[in-house]
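Report on one structure; see the data block that follows.
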Amino acid sequence: MPAKIRGILLAAGYSKRFGSNKLLQALPPGGPDAGVPIALAAAKHLLEILPDSIAVVRPRAQKLAALLRDAGCNTVVCRNAAQGMGTSLAAGVRASDGADGWVVALADMPFIRPETIRAVVSAVESGAPIAAPSYRGQRGHPVGFGKACFEDLSALAGDHGARELLGRHAGSVMVRETDDAGVLRDIDRPSDL
């Protein structure tokens with residue numbers, strides 16, 4: 001039976017550097033997702049490969065939650081999202097009953113190509129405890145985790161996400177080189193668009 005890998009889209013941030021909810025901001029003209037809200041573009045790419053994905057949102061983000069739910073994501077409200085990305089990631093992992101692994105994507109990274117997500121999924125399905133893409137030697141997103149990481153992921157708290165976990169297990173990370181520059185491109189400020 002094939003491994004059940006779940007996508008987790010982290011969409012619970014507060015967009016402090018952007019000045020407004022960046023995840024609802026439309027992507028500029030010129031790209032394949034022009035006019036699509038940032039979070040929706042990221043969700044579409046993840047859902048194309050992992051249709052049973054979870055989006056983790058913060059409280060009182062009803063418009064974003066509805067947008068992601070309508071796109072096909074299962075949504076989870078992380079009540080204490082203000083504590084940081086680690087707390088939100090733990091909530092998503094705990095909500096994914098029966099998963100054999102997870103691919104964690106960030107909602108402010110809408111330029112990652114579906115085939116890159118597929119490569120990370122494939123690495124986890126092949127037994128990699130942790131997998132990530134790399135562009136020109138720099139590790140990026142999304143990051144995949146095998147089932148053995150459940151306890152560590154579900155215990156995360158604060159704002160560090162899985163960075164510390166990746167550091168502790170650096171020798172176990174399967175890195176897949178890609179020509180997808182989107183693995184490094186996130187949107188923090190309006191100028192990033």
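Yes/no per residue for (1) outside any helix (DSSP H, G or I); (2) in contact with a Pro (Cβ under 7 Å, 6 or more places away or on another chain); (3) farther than 20 Å from residue 95 by Cβ:
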| position | (1), (2), (3) |
| --- | --- |
| 123 | no, no, yes |
| 128 | yes, no, yes |
| 134 | yes, no, yes |
| 148 | no, yes, no |
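Here is the figure for segment 17-64: residues that are over 18 Å from residue 142 (Cβ atoms), surrounded by fewer than 16 Cβ atoms within 10 Å (Cβ to Cβ), free of Cβ contacts under 8 Å to residues at least 40 places away in the same chain and under 17 Å from the mean Cα position of the chain (by Cα) total 0.
Select from segment 4-16 the residues that are touching a helix residue (DSSP H, G or I) at 6+ places or on another chain (Cβ under 8 Å) and either free of Cβ contacts under 8 Å to residues at least 24 places away in the same chain or of a type in the set (Gly, Ala, Ser) (or both) and write down the one among them that is farthest from residue 148 (Cα to Cα).
Keep residues of segment 4-16 that are touching a helix residue (DSSP H, G or I) at 6+ places or on another chain (Cβ under 8 Å), which gives 5, 7-15.
If we keep only those that are either free of Cβ contacts under 8 Å to residues at least 24 places away in the same chain or of a type in the set (Gly, Ala, Ser) (or both) as well, we get 7, 11-13, 15.
Working: 7: 16, 11: 24, 12: 25, 13: 27, 15: 32 Å.
Here the answer is 15.
Taking first residues from segment 162-190 that are in a loop (DSSP other than H, G, I, E, B) and partners that are surrounded by fewer than 16 Cβ atoms within 10 Å (Cβ to Cβ), the Cβ contacts under 7 Å between residues at least 6 apart in sequence or on separate chains come to 184/138; 187/193; 188/17; 189/17. Scanning segment 1-29 for residues that are at pLDDT 85 or above, closer than 13 Å to residue 193 by Cα and either of a type in the set (S, T, N, Q) or part of a loop (DSSP other than H, G, I, E, B) (or both) gives 25, 27, 28, 29.
With respect to (1) farther than 29 Å from residue 28 by Cβ; (2) over 12 Å from the mean Cα position of the chain (by Cα); (3) in contact (Cβ under 8 Å) with a residue 60 or more places away in the chain, the lone exception for residue 118 is condition (1). When segment 129-155 is filtered for residues that are within 13 Å of residue 181 (Cβ to Cβ) and surrounded by fewer than 17 Cβ atoms within 10 Å (Cβ to Cβ), the ones remaining, listed by number, are 134, 136, 137, 138. Would segment 155-175 turn up any residue that is in contact with an Asp or Glu (Cβ under 8 Å, 6 or more places away or on another chain) and of a type outside the set (A, V, I, L, M, F, W, C)? Checked segment 155-175: no residue is in contact with an Asp or Glu (Cβ under 8 Å, 6 or more places away or on another chain) and of a type outside the set (A, V, I, L, M, F, W, C).
The values are calculated or read from the model by the stated rules, or taken from the named source; none is laboratory data. Predicted model only: the values in this text are computed from it and were never measured. Here Cβ is always computed from backbone atoms with ideal geometry, including for glycine, and neighbour counts include all displayed protein chains.
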